[in-house]
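All of the numbers you see were taken from the coordinates with simple rules; none came from a lab. Only a predicted model underlies this, so the values are computations on that prediction, with no experimental measurement involved. So basically every Cβ, Gly included, is an ideal-geometry build from the backbone, and we count neighbours across all protein chains shown.
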Amino acid sequence: MSIMQTSRPHCKKHGLPFKISASLMCANLGRLEEEVRILEETGIDLIHFDVMDGHFVPNLALSPLILKAIKNKTSLPFDVHLMVTNPELYLSQLFELKVEYITLHVETIYNSGTRLLRAIKNHGVLCGVALNPLTPISYVKYIYPYVDKITLMTVDPGFSGQPFITTTLNKTKSLAIFRRRNKLSFDIEVDGSINSATFEHVLAAGANILVVGESGLFSRHENHALAAQLLVDELKHIWEKIQQSTCTKE
């Protein structure tokens, strides 16, 4: 039987018991307003918005200024993933923009974790924490009461196009087992090389939010509306396959 919690509510758009989060960093940056509208119309559940500072990760990506320009162009929730050394510097801007999720890396909040997580919750924002591939899940043992989502990086953060790190599947399974045994409700998100080669594995391991970027979504077709529909169709087929496998084993 898969570790996936099949009792989770199905998404209204596509009828699947997990969410699809599109990484805007991999979209066409020259027409972001059009891109977010296309994603909203074609079954995507969340916009994954990467902010990088060139220090915590050796790259620069999107910024709160870009977010401000497009936030009111869609009703999709934004999950702002702060891949930055000092996330506290960004929080006030994100609160003003009324983003739906803010995700912090546990590697950056050792000395201020509970304070920052409480601040996020107190502003009515859903709170996530992200773990790099080499960071053990034991790091979230004492903060899970504050979080709505735990993001497991399945590649090293900072660049798209990296190969999936297969050892993160065991990490995903362990976190899903911990969630189930303790009757917890946080989401488990996977981020990094989530595509046709890995969809079935991460879903069976217990992930219920899939961050899809270049390989999972945008490279499917130059028409991104069609690309998103192809993605949803494939995920429906994969989920049906997982369910049939579960019934066979039982």
Among Leu210, Leu29, Leu76: highest mean-square fluctuation, GNM of the chain, C-alpha pairs under 10 Å | Leu29
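Hand me the trypsin sites (Lys or Arg not before Pro) from segment 133-223 located in a DSSP loop with no more than 12 other Cβ atoms within 10 Å, in residue order please. Working shown, then result.
Working: sites: Lys141, Lys149, Lys171, Lys173, Arg179, Arg180, Arg181, Lys183, Arg220; in loops: Lys141, Lys183.
Hits after loop and neighbour filter: Lys141, Lys183.
Would you mind checking the pairs Lys141/Lys173; Lys98/Lys141; Lys19/Lys121; Lys68/Lys121; Lys13/Lys149; Lys141/Lys171 and listing those with alpha carbons more than 19 angstrom apart?
Over 19 Å apart, Cα to Cα: Lys98/Lys141; Lys19/Lys121; Lys68/Lys121; Lys13/Lys149.
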Taking chymotrypsin sites (Phe, Trp or Tyr not before Pro) in a DSSP loop with at most 13 other Cβ atoms within 10 angstrom as exposed, one finds the longest site-free stretch of the chain at 1-109
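Helix-derived [θ] at 222 nm for the chain: sum -39500 (n - 2.57) over DSSP H runs of at least 4, divide by residue count, nearest 500?
Working: 7 runs with 84 residues, N = 250.
Rounded to the nearest 500, the figure is -10500 deg cm²/dmol.
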Among [x] 19.5; [y] 18.2; [z] 20.9, which one is Kirkwood radius over Cα pairs in Å computed from these coordinates?
-> [y]
Give the order of Ser21, Ser196 when sorted by the count of other beta carbons within 10 angstrom, beginning with the fewest.
-> Ser196, Ser21
Between segment 51-74 and segment 129-186, what's the alpha-carbon centroid distance in Å?
-> 23
Given Ala205, Val36, His55, which one lies farthest toward the positive end of the charge dipole of the chain, if we put +1 on the Cβ of every Lys and Arg and -1 on the Cβ of every Asp and Glu?
-> Ala205
Mind checking the full-extension length gain between Leu184 and Ser196? Use 0.36 nm per residue of separation minus the Cα-Cα distance, one decimal, nm.
-> 1.4 nm
